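The values are calculated or read from the model by the stated rules, or taken from the named source; none is laboratory data. Since this is a predicted model, take the numbers as computed values, not measurements. Quick reminder, even Gly has a Cβ in these numbers, built from the backbone with ideal geometry, and neighbours come from all protein chains shown. Ligands, DNA and RNA are excluded from the accessible area calculation, which covers all protein heavy atoms including side chains. Shrake-Rupley method; radii C 1.70, N 1.55, O 1.52, S 1.80 Å.
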Amino acid sequence: MTKGEIIDLLKEKDEAVIENLLRYADQVRKEYVGDAVHLRGLIEFSNYCRRDCLYCGLRRSNSNVVRYRMTIFEIIAAVFEAKDLGFQTIVLQSGEDPAYTIEDIYAFVRRIKSEFGFAVTLCIGERTYEDYARLKEAGVDRYLLRFETTDPLLFRKLKPDSLYVKRFQCLDWLKELGYQVGSGNMVGLPGQSLESLADDILKFKELDMDMIGLGPFISHPDTPLQGSANGTIDMVLRVTALTRIVTKNAHMPATTATGTIDPEGRQKALQCGANVLMPNLTPRKYRRHYLIYPDKICTDEDPRKCRFCVESMITGLGKTVSRDAGHSLKSSFQQRKSSS
Ligand code: SF4
């Protein structure tokens with residue numbers, strides 16, 4: 001698809017055309033990644049962050065956040081629960097928290113890999129090449145680093161202490177080191193144009209991302225963007241569908257943010273391109289404090305209930321729960337793996 005065609009579909013007013021688009025994306029999803037939905041158990045192990053992104057409730061300037069940092073023991077206990085619930089992949093996520101050294105993370109990832117055999121995904125922000133290399137040695141399989149927007153001016157405004165060039169440099173390093181790499185964007189950011197959304201979609205293709213997570217901007221009351229209009233489910237679904245059509249076989253979660261702006265949002269995303277769900281396994285006493293955006297769903301459910309809930313969602317849509325770890329389907333990943 002050309003950029004112009006993508007912009008036209010993002011602008012399209014005819015509901016029948018949009019319905020066709022979503023239906024077509026569902027067919028592409030079926031053809032390239034099948035009907036099985038992959039489950040990734042999410043553990044948010046620290047909500048400290050050294051950065052100050054304007055849209056984020058965890059930004060360092062937000063003094064209303066109750067900060068927490070899970071101990072290694074608590075992380076391992078959550079991983080144990082993930083094993084007990086039948087997960088094969090876990091995602092370890094935090095703000096950019098300098099209190100955990102790379103050697104700390106190396107140590108607990110090694111332990112998780114050797115004791116539990118999980119596919120491990122990290123989402124801990126921008127690091128140096130040497131850090132990423134060390135974490136790869138620990139056995140980390142995948143890394144998520146969302147660029148949020150490809151518009152350099154908007155990026156600079158929203159992420160004042162990050163460098164646009166560094167962000168993409170990190171994604172290149174991660175690929176070079178043989179990780180399965182995920183990125184993503186936010187839909188409906190204040191000041192975002194349809195043109196830049198189209199650029200985001202084409203960037204996912206250009207970077208040949210293994211995983212792509214996208215969700216709506218949701219205004220947090222304790223940030224400088226408080227009171228800004230939220231992203232809409234309509235636009236999130238269009239971007240999901242177009243991303244699936246353009247990138248074919250990337251793994252794409254139906255995000256919690258999408259389920260937060262619409263109670264059926266995740267189900268809708270799973271019907272127009274998404275093929276992954278990420279149930280939250282963070283201990284409940286911490287989970288309610290990991291609020292990048294407000295009113296996040298599933299902050300109080302028991303992990304067992306969560307697992308049951310997502311399985312019902314999947315089977316209710318006529319799909320199956322994947323029984324494998326859901327590694328990348330990209331041929332470029334296979335090449336990177338064999339050369340790294
Ligand atoms: S978006 Fe990430 S890096 Fe930015 S403030 Fe929030 S947790 Fe920190």
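Shape analysis of the stretch 144-276 places it in the oblate category; the axes a ≥ b ≥ c from the Cα gyration tensor give an a/c of at least 1.5, with a/b not above b/c. Straightening the chain between MET1 and ALA99 buys 30.8 nm, computed as 0.36 nm per residue apart minus the Cα-Cα spacing. Put simply, the amide H of ARG51, placed in the peptide plane, has neighbours under 5 Å in ARG60, GLU96, leaving out anything fewer than 5 places away on its chain. What does a probe at ARG23 reach in the stretch 258-288, counting residues whose amide N is under 20 Å from the point 7 Å along Cα→Cβ? Within reach of a label on ARG23: 267-274. The value of relative contact order for the stretch 117-243, using C-alpha pairs under 8 Å at least six residues apart, is 23 percent.
For the stretch 1-55, what is the convex hull volume of its Cα atoms per residue in Å³?
Values: hull volume 10.3 nm³, N = 55.
Dividing the Cα hull volume of the stretch 1-55 by its residue count gives 188 Å³.
Residues of the stretch 223-244 with an amide N closer than 19 Å to a point placed 7 Å from the Cα of GLU264 along the Cα-to-Cβ direction: 232-241.
Give me the accessible area per residue for the stretch 3-339, probe 1.4 Å, as a whole number in Å². Let's see the in-between values first.
On the way: 13760 Å² over 337 residues.
The answer is 41 Å² per residue.
By the Cβ rule of 4.7 Å, the chain holds the following cysteines without a possible disulfide partner: CYS49, CYS123, CYS170, CYS272, CYS298, CYS306, CYS309. Distance from the Cα centroid of the stretch 63-132 to that of the stretch 309-328 is 24 Å (rounded to whole angstrom).
Hey, could you get me the Stokes-Einstein D for the stretch 3-339, Kirkwood radius over alpha-carbon pairs, 10 °C and 1.306 mPa s, rounded to whole µm² s⁻¹?
On the way: Rh = 20.0 Å.
Translational D for this selection: 80 µm²/s.
Specify the inter-centroid distance of the stretch 177-215 and the stretch 227-243, based on alpha-carbon positions, in whole Å. If you average the Cα positions of each part, the centres end up 13 Å apart.
Shape verdict for the stretch 6-161, please, from the Cα gyration tensor: rounded (a/c under 1.5), prolate (a/b greater than b/c) or oblate. Kindly include the intermediate steps, with their values, before the conclusion.
Working: a/c = 2.17, a/b = 1.32, b/c = 1.64.
Taking the square roots of the gyration eigenvalues as a ≥ b ≥ c, the stretch 6-161 is oblate.
Rg/Rh for the stretch 247-315 (Cα atoms only, Rh after Kirkwood) is 0.97. Other residues lying with their Cβ under 12 Å from the Cβ of GLU5 contribute a combined charge of 0, Lys and Arg counting +1, Asp and Glu -1. In whole percent, how big is the carbon plus sulfur part of the accessible area of the chain, probe 1.4 Å, protein atoms only? The computed percentage sits at 52. Evaluating 6.51 cos²θ - 1.76 cosθ + 1.60 at θ = phi - 60° for every residue in the stretch 90-101, the Karplus couplings come out as 10, 10, 9, 10, 7, x, 7, 9, x, 5, 8, 7 Hz, glycine and proline recorded as x. With respect to the cross-link table entries LYS285/LYS319; LYS83/LYS136; LYS136/LYS268; LYS3/LYS166; LYS159/LYS205, which display a Cα-Cα separation exceeding 28 Å? Correct reply: LYS285/LYS319; LYS136/LYS268. Gyration tensor analysis over the Cα atoms of the stretch 189-340 returns equivalent ellipsoid semi-axes of 25, 22, 15 Å (largest first, whole Å). Normalising the average separation of contacting C-alpha pairs (under 8 angstrom, six or more residues apart) by the number of residues puts the relative contact order of the chain at 25 percent.
In what sequence, highest mean first, do 172-181, 321-330 appear when ranked by Cβ atoms within 10 angstrom? Don't skip to the end; give the middle numbers.
Working: 172-181: 20.7, 321-330: 16.7.
Result, highest mean Cβ count within 10 Å first: 172-181, 321-330.
The Cα atoms of the stretch 75-175 give a gyration tensor whose axes a ≥ b ≥ c have a/c of 1.5 or more with a/b greater than b/c, which makes the shape prolate. Taking every C-alpha pair closer than 8 Å and separated by at least 6 residues, the mean separation divided by the residue count of the stretch 11-120 gives a relative contact order of 30 percent.
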